[in-house]
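Notes for the one structure printed next.
The values are calculated or read from the model by the stated rules, or taken from the named source; none is laboratory data. In this text the structure is predicted, and so the values were computed from the model without any measurement. Glycine also receives a Cβ, built like all others from the backbone with ideal geometry; neighbour counts cover every protein chain displayed.
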Amino acid sequence: MNDNDRIDFLLAQFPLYSEDVGIDLTKPSGRFKWFLASIFFGARISESIASKTYRAFENADLDSLEKVLSADWNLLVSILDSGGYVRYDFSTATKLQNVMRKLKEKYGTLEDLRLRSSDIHDLEMRLQEFKGIGPTTTQIFLRELRGVWKLKLKPSSKAGMVAKHLDINLDELDGERLSRVETALTKIAIRCCKKKSCRECPAMGFCKEIKSKQ
């Protein structure tokens, strides 16, 4: 199996996280939804809780900047609880209010924040000016927008580690294809490598790390 075959196999197994929750990144409204979802995915909770929490916000019709801003703090806590975000409900409700308020006051929209950024480093810096949004959430958010916003974003070290195990050269990829490959590798890292569940990994057949232990 050559490099392209391995990549195509991974892409068939693992869609983008934004696709998992039904978000269309080609639209500004979808990019805001992904920003909101990324805040959940960037926390120390499971993928399933992050997904469930985002869907709870969407089901409550709180999936735009204006709608989140207009929501009462107690309502935010209630929705977070319904998504399984119980341990972090109070702090996350406050973080959401603060982030959305600063985004509105300083930039107007998420798209304006992007337009005012001179390069990828400036964009990362502006995102991390929001209290509670660090490198992990920034990487998650921008990773899936690499092709849409034409970003020169380096893959995460987590994805790079799995890429080495699977003998995939990330330096040869860019744009949306790199976004998709990085997401697939990240999912393998979280769902299989971290849990040492090698036998459950779809890429087990071409993982050099597994073969070296046999």
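Below are the figures for this structure:
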item	result
For GLY132: the one exception among (1) under 16 Å from the mean Cα position of the chain (by Cα); (2) part of a helix (DSSP H, G or I); (3) modelled with pLDDT under 95	(2)
Members of region 37-48 found to be under 16 Å from THR136 (Cβ atoms) and in a helix (DSSP H, G or I), listed by number	ALA37, SER38, ILE39, PHE40, PHE41, GLU47
Filtered residue count, region 159-186, keeping only those that are at pLDDT below 95 and in contact with a Ser or Thr (Cβ under 6 Å, 6 or more places away or on another chain)	0
Hey, ALA203 under 29 Å from LEU123 (Cβ atoms), in contact (Cβ under 8 Å) with a residue 24 or more places away in the chain and among the hydrophobic types (A, V, I, L, M, F, W, C) or not	no
Cβ-Cβ under 9 Å pairs, at least 6 apart or on other chains, region 105-116 side of a type in the set (A, V, I, L, M), far side outside any helix (DSSP H, G or I) and surrounded by 13 or more Cβ atoms within 10 Å (Cβ to Cβ)	LEU113/TYR107; LEU115/TYR107
Candidate set from region 149-164 (those that are touching a helix residue (DSSP H, G or I) at 6+ places or on another chain (Cβ under 7 Å) and within 30 Å of LYS102 (Cβ to Cβ)); member that is surrounded by the fewest Cβ atoms within 10 Å (Cβ to Cβ)	LYS152
So GLU124, is it in a helix (DSSP H, G or I) and either without any contact (Cβ under 8 Å) to a residue 40 or more places away in the chain or farther than 28 Å from VAL181 by Cα (or both)	yes
Residue match in region 73-91 (condition: farther than 28 Å from LEU153 by Cα, without any contact (Cβ under 8 Å) to a residue 12 or more places away in the chain and of a type in the set (Asp, Glu))	yes
Residue that is farthest from SER46 (Cα to Cα), among those in region 165-176 that are part of a helix (DSSP H, G or I) and in contact with a helix residue (DSSP H, G or I) (Cβ under 8 Å, 6 or more places away or on another chain)	GLU172
Exclusive hit being modelled with pLDDT of 95 or more, of a type in the set (D, E, K, R), assigned to a helix (DSSP H, G or I) and surrounded by fewer than 14 Cβ atoms within 10 Å (Cβ to Cβ), set GLU19, GLU58, GLU66	GLU66
Looking only at region 59-95, and only at residues there that are in contact with a helix residue (DSSP H, G or I) (Cβ under 7 Å, 6 or more places away or on another chain) and acidic (Asp, Glu), the one that is nearest to PHE141 (Cα to Cα)	ASP63
Matching entry among GLY160, GLY147 (being of a type in the set (Gly, Ala, Ser) and closer than 24 Å to SER64 by Cα)	GLY147
Qualifying positions in region 22-46 - surrounded by fewer than 19 Cβ atoms within 10 Å (Cβ to Cβ) and either at pLDDT 95 or above or of a type in the set (A, V, I, L, M) (or both)	GLY22, ASP24, THR26, LYS27, PRO28, SER29, GLY30
The listed residue being within 19 Å of the chain's Cα centre (by Cα) and either exposed (fewer than 15 other Cβ atoms within 10 Å of the Cβ) or assigned to a helix (DSSP H, G or I) (or both), out of SER51, SER91, SER118, SER78	SER51
